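Heads up, the thing below is written out as structure tokens.
A short reminder: the numbers here are calculations on the coordinates, not readings from a lab. Just so it is clear, the model here is predicted, and its values are computed rather than measured. Cβ coordinates were reconstructed from backbone atoms using ideal geometry, including for glycine residues, and neighbour counts include every protein chain displayed.
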């Protein structure tokens with residue numbers, strides 16, 4: 001089946017995304033990158049290059065390397081913006097007979113849609129390689145301020161690239177979709193999009209799943225690159241103050257400073273300060289020179305403050321044009337990589353008097369939203385099969401009243417899960433399976449869904465019988481729980497219908513309770529665990545004494561019996577720490593059994609040496625007991 | 001009433017069943033494809049999981065390279081310097097063991113799939129005349145292209161970049 005993709009055809013970078021398993025995902029380029037530079041070139045050997053390759057050779061071939069083509073899409077040569085860009089772009093722009101722009105690359109004239117088509121084609125090819133399927137249909141995004149001819153030009157670009165453009169949507173609309181705002185009833189959304197080279201602010205009104213653009217504003221020459229430039233300039237100035245050398249004169253050094261500035265900017269989104277260390281950045285007669293400059297977040301904010309302030313004017317303008325006040329905006333979305341800078345987030349929050357949303361990767365929101373739109377249009381987002389999830393954790397009660405979970409909350413149903421349990425006492429004839437629902441660690445605090453008894457377990461030491469407990473929830477939410485003795489094959493089961501479940505309010509209350517009691521519950525659970533460990537250790541100790549007591553010296557035997565009694569009495573009380581102390585004490589004393597038993601063997605090897613063959617059962621018992629003790633010890637030391 | 005309802009569902013049931021069947025098959029197919037994709041992605045991310053950390057270590061190697069390139073003659077024979085050389089080589093070997101390999105640059109034809117041009121200088125047209133920063137591959141994939149200066153076809157005169165190129169030649 002042919003696939004639909006969503007494409008963010010950007011000024012500096014483009015991205016492609018597709019729906020996979022119901023969610024939009026970014027498709028990496030064949031070079032393994034998530035972004036594709038919006039650059040096209042014809043190399044000196046006449047080869048056409050797109051994306052990273054075109055960008056990397058740009059310096060050697062500036063007149064045949066076309067970037068920022070989006071600035072020319074659907075525009076007339078005489079447009080003032082074209083005349084402005086004309087002076088800044090190194091390639092040749094000419095006027096077509098119909099007044100449109102043409103660019104010259106490799107001695108041939110191309111229309112802007114033809115250049116954009118080369119970028120789209122590369123995205124299409126990479127997407128096909130990744131998905132393993134033909135890509136025929138696409139949703140492509142454009143800025144909200146694009147007029148009809150700019151939209152038509154974008155559509156033409158898609159057609160030239162062999163794509164059936166099923167819809168052109170506005171970038172802020174795509175962002176809103178990526179944020180899942182279409183699921184809301186009504187909202188007024190402000191999308192603040194600060195990318196690498198352009199800034200857009202759009203105000204949208206949303207109702208019944210449709211978005212209407214109320215106003216747009218922005219600055220076509222403001223973005224992250226300007227931030228980098230400010231930091232680079234400051235670093236060069238600082239270095240000049242220190243060493244008297246102007247790095248701006250050394251192209252190689254400047255490149256390193258620029259890269260370091262960009263890296264520092266990114267680091268300062270999370271750190272309070274960063275060190276810019278560029279050893280051997282240059283050299284003079286006295287020898288090599290190093291750059292080592294600290295940049296704090298406040299200093300960086302001071303450097304870029306003016307740029308951030310520049311974005312607020314258009315925000316004010318957009319609100320005014322929409323006839324709205326900041327208080328009437330219900331959602332503010334941050335899009336574009338530069339919105340990761342905390343100062344930008346703070347300024348936006350201050351202006352709109354609310355926290356902006358920033359949960360979706362700001363570089364990817366537009367492409368992801370376009371993919372969602374594509375999925376909706378092609379019916380890939382199916383309505384028939386509504387997959388449900390279990391609202392609360394399901395499990396059973398185990399030793400000491402602990403709730404052991406089998407199916408965690410938010411698991412998509414239908415699902416099934418099984419786990420093997422055992423008995424807690426020697427010769428235990430039956431087990432009770434107590435099915436519970438809830439988030440609390442103690443069974444008693446959760447809701448009981450049902451209980452049943454599996455009997456007929458053959459006499460065996462504790463821990464020996466294998467009881468397999470299986471949970472199964474079908475698509476209608478009906479839970480079946482079965483318990484099977486793997487030894488005898490005896491089985492019991494219970495079916496709990498959805499009606500005995502919980503209402504939405506109850507679920508919320510139980511979840512809230514679990515959060516509120518988290519600390520208490522953990523303590524209680526720890527106490528139970530300490531008790532279970534103690535109980536298990538007493539069992540082990542008594543077993544060892546029963547089986548090998550005759551080999552243990554009398555004084556040690558007495559010691560151990562005393563310590564067992566101490567653990568028992570500690571278990572009567574509530575002091576978890578005391579229980580643990582007595583358990584540790586007993587564990588350590590028990591280890592002496594091994595030592596003394598092995599020493600009794602004729603010609604016993606030094607500790608750590610290999611036991612001679614034929615030590616028989618005498619040597620085996622404590623040896624077998626030891627790992628168990630070790631486990632116990634490890635367990636409570638960890639805690 | 002009950003019977004009535006049952007009849008209607010039975011009548012319209014066939015197309016419904018067809019649609020459900022179709023959706024179910026699609027869902028199954030989607031899931032199969034998704035599983036394959038996830039498996040590929042998992043293998044891929046395991047192989048390239050170290051990319052980010054290696055990219056952060058490479059600048060340290062670059063700095064060491066630069067340090068040795070500008071090593072003063074009078075320090076070159078100290079045993080302390082030999083120690084530093086061993087550390088340098090150890091770092092290279094550690095990265096090699098992770099699957100990192102160097103990209104050839106100096107004297108090669110410029111190739112944008114592995115080289116990034118950062119400037120042009122006198123020299124044979126399209127040939128790399130200087131390596132500004134070494135490039136690396138991880139398991140064959142370019143993780144950082146080599147930053148290079150490409151010849152512009154003008155004869156190599158005695159201009160200011162000439163002596164630097166020479167010393168870089170010797171160092172690299």
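Values for this structure:
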read-out	value
Whether the protein assembly as shown is rounded, prolate or oblate, judged on the alpha carbon gyration tensor where a/c under 1.5 counts as rounded	oblate
Pair residue A:462, residue A:581: separation of 7 Å Cα→Cβ label points (nm)	2.5
0 to 90° range, to nearest 10: angle between helix A:518-548 axis and chain A longest Cα axis	40
Share, in percent, of DSSP beta bridges within the protein assembly as shown that are antiparallel, nearest 5	80
Rounded FRET efficiency, nearest 0.05, which uses the C-beta distance separating residue A:290 from residue A:86 and R0 of 51 Å	0.80
Ascending count of other beta-carbon atoms within 10 Å, so fewest first, for B:68, A:199	B:68, A:199
For the stretch B:48-171: relative contact order, % (alpha-carbon pairs under 8 angstrom, 6 or more apart)	24
Residue B:48-residue A:568 FRET efficiency (beta carbon distance; Förster radius 60 Å; 0.05 resolution)	0.60
Ascending count of other beta-carbon atoms within 10 Å, so fewest first, for A:305, A:442, A:571	A:305, A:571, A:442
Packing-based exposure ordering (other Cβ within 10 Å, fewest first) of A:505, A:472	A:505, A:472
The stretch A:3-179: relative contact order in percent, alpha carbon pairs under 8 Å with at least 6 residues between	22
Segment residue A:424-residue A:516, length gained on full extension (0.36 nm per residue, minus Cα span)	30.0 nm
Estimated 222 nm signal from helices in chain A, with DSSP H stretches of n ≥ 4 weighted -39500 (n - 2.57), rounded to 500	-13000 deg cm²/dmol
Relative contact order (%) - chain A, alpha-carbon pairs under 8 angstrom, separation at least six	9
Rounded if a/c under 1.5, otherwise prolate or oblate - the stretch B:28-167, Cα gyration tensor axes	oblate
Angle between chain A longest axis and helix A:365-377 axis [Cα atoms, degrees, rounded to 10]	80
Between 0 and 90°, nearest 10: helix A:112-131 axis offset from chain A longest Cα axis	20
Distance between modelled label sites at residue A:480 and residue A:272, nm, 7 Å Cα→Cβ extension	6.0
